[in-house]
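Enquirer: My questions will all concern the structure given below.
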Amino acid sequence: MSRRRKLIIAVVLFAGAVLAAFTLPVPSPAELRDWAAGAGPVTALVFLAAYAVLTVAPIPRTVFNLAAGLLLGDALGIVVALTATAISGALGFGLARWAGRDLVSRHLERKAVRAVDERLAGGGVLAVTSLRLIPVIPFAPLGYCCGILSVGFRPYLVGTVLGSLPGTVAVVVLGDALTGGTPPALVACYGAFALAGAVGLVRIARGTAYDGRIGQPATLDPVREEIVRAEPGQHMRRVSEE
């Protein structure tokens, strides 16, 4: 497919996602309970499909996590919410990589873009996990960014599941699903998750800079290194011949 056609598709998809986020009414947990009650035994599957598809757009996941506990109970709600989170993250990543990767490839040589790209890709699972732990970072846009940059799919998916696990469990178990309120214990959890994510990002930033300082010179001149390693053996052979 031509780059121009991909650009058109990417713009349409992005505009549709933004339009959906601002115009579609986000149902309350009580409304979701009434809606899912008509599904009967397949409530979990219907809820999983709705959660996974709707949150590909930049729609907050919190209401779905609250409803998961209300509709399905803590244990099943956590399993369904995490599964839907993984599916939604994979869909957003895949769409962004297919439609948007070619569009940003020409800009990856810019210093600022390259720095972000290298840190995310080099940080791997830890980078994605740390970012997912910080509650204020939107779920869907982060998936889009990872898709158009050089983050591998497997590290992204593993990091998404690991980083989303604590927050999902906290919301399903501690969230007030009927009122949509935020209990103090949940606020404390959010603070702890954000701190853990920030620590992970600091480690990645320092580790990348450290590797850049000491890792590069070791591979600057492999031919010279090979000669240095070969010289002692050649000297020993000359001594034995004499």
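The values are calculated or read from the model by the stated rules, or taken from the named source; none is laboratory data. Please read these numbers as outputs of a predicted model, since none were measured by experiment. Positions of Cβ are generated from backbone atoms using ideal geometry, with glycine treated the same way; all protein chains shown enter the neighbour counts. Note: areas computed on protein heavy atoms with side chains; ligands, DNA, RNA excluded. Shrake-Rupley method; radii C 1.70, N 1.55, O 1.52, S 1.80 Å.
Enquirer: Could I have the simple spin-label model distance between V113 and F22, label points 7 Å from Cα toward Cβ, reported in nm to one decimal?
Expert: For the pair V113/F22, the computed spacing is 2.5 nm.
Enquirer: In addition: Students sometimes get this wrong: rank I137, I204 by accessible area, probe 1.4 Å, all chains present, largest first.
Expert: The residues order as I137, I204, largest area first.
Enquirer: Step through the residues of region 74-90 one at a time and calculate ³J(HN,Hα) from phi using the Karplus curve (6.51 cos²θ - 1.76 cosθ + 1.60, θ = phi - 60°), rounding each to whole Hz and writing x for Gly and Pro.
Expert: Each residue of region 74-90 in turn: 5, 5, 5, x, 5, 4, 5, 5, 5, 4, 5, 4, 5, 5, 4, x, 5 Hz.
Enquirer: Considering only the other residues whose Cβ falls under 12 Å of the Cβ of L149, what net charge follows from Lys and Arg at +1 and Asp and Glu at -1?
Expert: Summing Lys/Arg as +1 and Asp/Glu as -1 gives +2.
Enquirer: For V136 and L76, compute 0.36 nm times the residue count separating them, minus their Cα-Cα distance, and round to one decimal in nm.
Expert: 19.0 nm
Enquirer: Determine the dipole magnitude for region 71-152: charges of +1 sit on the beta-carbon of Lys and Arg, -1 on that of Asp and Glu, nothing else is charged, the reference point is the Cα centre, and the result goes in debye to the nearest 20.
Expert: In debye, rounded to 20, region 71-152 gives about 300.
Enquirer: What is the sum of charges around F139, taking Lys and Arg as +1, Asp and Glu as -1, for the other residues whose C-beta is under 13 Å from the C-beta of F139?
Expert: Local charge sum for F139: +2.
Enquirer: Also: Add +1 for every Lys or Arg and -1 for every Asp or Glu among the other residues with Cβ under 15 Å from the Cβ of S164, and state the total.
Expert: Charge balance in the 15 Å sphere: +2.
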